[in-house]
1. Looking at region 80-95, I want the residues that are free of Cβ contacts under 8 Å to residues at least 24 places away in the same chain and have a partner that is assigned to a loop (DSSP other than H, G, I, E, B) and open to solvent by 100 Å² or more (accessible area, probe 1.4 Å) with Cβ atoms under 8 Å, at least 6 apart or on another chain. Which pairs are those?
2. Got a sec? Which helices (runs of 4 or more DSSP H) wholly within region 265-370 have at least 3 residues that are touching a helix residue (DSSP H, G or I) at 6+ places or on another chain (Cβ under 6 Å)?
3. Pairs under 7 Å by beta carbon, first residue farther than 10 Å from residue 381 by Cβ and among the β-branched types (Val, Ile, Thr) in region 276-297, partner in a loop (DSSP other than H, G, I, E, B) and open to solvent by less than 50 Å² (accessible area, probe 1.4 Å), six or more apart or different chains?
4. Restricting to region 82-100, and then to whatever is open to solvent by less than 90 Å² (accessible area, probe 1.4 Å) and either modelled with pLDDT under 80 or among the β-branched types (Val, Ile, Thr) (or both), can you tell me which residue is nearest to the chain's Cα centre (by Cα)?
5. Could we say that residue 424 is open to solvent by 50 Å² or more (accessible area, probe 1.4 Å), farther than 14 Å from residue 216 by Cβ, in contact (Cβ under 8 Å) with a residue 24 or more places away in the chain and within 20 Å of the chain's Cα centre (by Cα) here?
6. Filter region 156-178 down to the residues that are farther than 13 Å from residue 452 by Cα and in contact (Cβ under 8 Å) with a residue 24 or more places away in the chain, then identify the one that is surrounded by the fewest Cβ atoms within 10 Å (Cβ to Cβ).
7. Which of the residues that make up region 179-195 are open to solvent by less than 40 Å² (accessible area, probe 1.4 Å), farther than 23 Å from residue 406 by Cβ and assigned to a helix (DSSP H, G or I)?
8. Mind checking which residues of region 113-149 are touching a residue at least 12 places away in the same chain (Cβ under 8 Å), over 26 Å from residue 200 (Cα atoms), open to solvent by 70 Å² or more (accessible area, probe 1.4 Å) and assigned to a loop (DSSP other than H, G, I, E, B)?
Amino acid sequence: MTAAERMAFERLQQENQELRARVAALEEAVGRLLQERDELQARLEERARAAARQAAPFRRRERLKVPADQKKRPGRPEGHAGAHRRVPDHIDEHAEAPLDGCPCCGGPLATVAAVEQLVEDLPPRRPHVTRIVTYKGTCPRCGEVRSAHPLQMSEAAGAAGVQLGPRAVALGAYLNKQAGLTARTTCGVLDRLGGLRVTPGGLCQALQRAAAKFAPIYDRLIEDLRRAAAAFADETSWYVGAPGHWLWVFTSAATTVYVVDPRRDHGVPLRVLGPDFAGMLVSDCLSSYDPLPYRKHKCVGHHQKAIAAARARPDTPDPAYLRQWALLFTMVCALWRHRAGLGEEEFLRQRTCLEAWCDRLLGEPRGQPGDVAIQERLRKQRDSLLGCLYEPAAEPTNNRAERDLRPAVIARKLSCGNKTGAGRRGFEVLRSVATSCWKRGHDAVSFIAGLLPFGARADPVPGPVT
């Protein structure tokens, strides 16, 4: 073989090896793409099945993947403080079961010692009826006058002279507005527990009258919210006779206000919080919150979900950029959580580092569609990304508002919201009062019952119990 033939042969061998390497790489890429296709197809089918289900509140498949040795044991953890029923502060009845002999054979007993138990039970199903007699007369200067009793719900007499008392109406308000029972189910509970016969229509009318009584207290709750250091907001669809309304919730650590409005624009939070709100508004990334003239913080959890969705896109083969954003928001939550233990100087230093990191990520040129989408989303919200690090009362996520909204969503599944404008107003007022009472550590039923009688003053909800 000549030198020229040998060189040609070696060149062909080298080309053959290169082609083999390229074929192997292409086969590997094809295998990877086929695997991704199968994964995407399985994910698409799972989402189609999830969309077809009427409700899927629990992720059963994900729960099944947890190893048995990593599952959390039911009940409280080991070493927790003992818990038992509280000893009642009163005894209504004494009962005794004597032991005169052995219950098995009837023989005499050598020693007998008393064993005490306290049994708490519901009283018999019988309403407490109070007959109220008032008097009316004529004053030469004032005209006709009438005496009043603290239990009176109104001055009605005759056909309207048999009325529900303040505690019954307060319990109905709690069950219907706070516990989320339908009006018909609430009537059933009042009948089973207290022997009170009331129709759903009668209950709704009583609750609407109660809401009118508590309207000034509702306005006071809005004033409390405007003075809060941070307010959390969220919204969901609602019914008032038909679809087309929105249920808004505005909440702080001690106050919650519900608003039902046909609009979903920035005018609703502007009307509730007022133009001079000095606190920080924490919300999701709904564009309706953007025009508001407040300090704002956007929920970190919503950003993390958007980042996870971008990483799952098939056109994002390199998730390094998105991983940096996810890590940054994780650090934001950690810094907010440990602020008190770091000291102000160290906290400010780390906050400055996070601000610089955020600006660096926003300034990087990106080409992957998922990276570009996240970058544009976060650049639009740049002034609100780290707001929780400038106001301690502003939490990193909007979970506080979502927790207050969730029970109303469950109630909507049962009753489809409200049927009339009067019912809408009753829901706004009574649910806001009951939820704020619960947040402040007060019994909502007792508070509502104390202000319902005819002539009672509309005192504001007391402050938090210390």
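The values are calculated or read from the model by the stated rules, or taken from the named source; none is laboratory data. Small disclaimer: the values here were computed from a predicted structure and weren't measured. Counting neighbours? That spans all protein chains shown, and the Cβs are built from the backbone with ideal geometry, glycine included. These accessible areas exclude ligands, DNA and RNA; they are computed on the full protein's heavy atoms, side chains included. Shrake-Rupley method; radii C 1.70, N 1.55, O 1.52, S 1.80 Å.
1. 83/76
2. Working: elements: 267-273, 300-311, 320-337, 339-342, 344-363.
Here the list reads 300-311, 320-337, 344-363.
3. These pairs meet every condition: 282/299; 282/394; 282/395; 282/398.
4. 83
5. Details: open to solvent by 50 Å² or more (accessible area, probe 1.4 Å): yes; farther than 14 Å from residue 216 by Cβ: yes; in contact (Cβ under 8 Å) with a residue 24 or more places away in the chain: yes; within 20 Å of the chain's Cα centre (by Cα): yes.
So residue 424 passes the test.
6. 178
7. Within region 179-195, 187, 188, 190, 191, 194 meet the criteria.
8. Answer for region 113-149, where residues must be touching a residue at least 12 places away in the same chain (Cβ under 8 Å), over 26 Å from residue 200 (Cα atoms), open to solvent by 70 Å² or more (accessible area, probe 1.4 Å) and assigned to a loop (DSSP other than H, G, I, E, B): 118, 120, 135, 148, 149.
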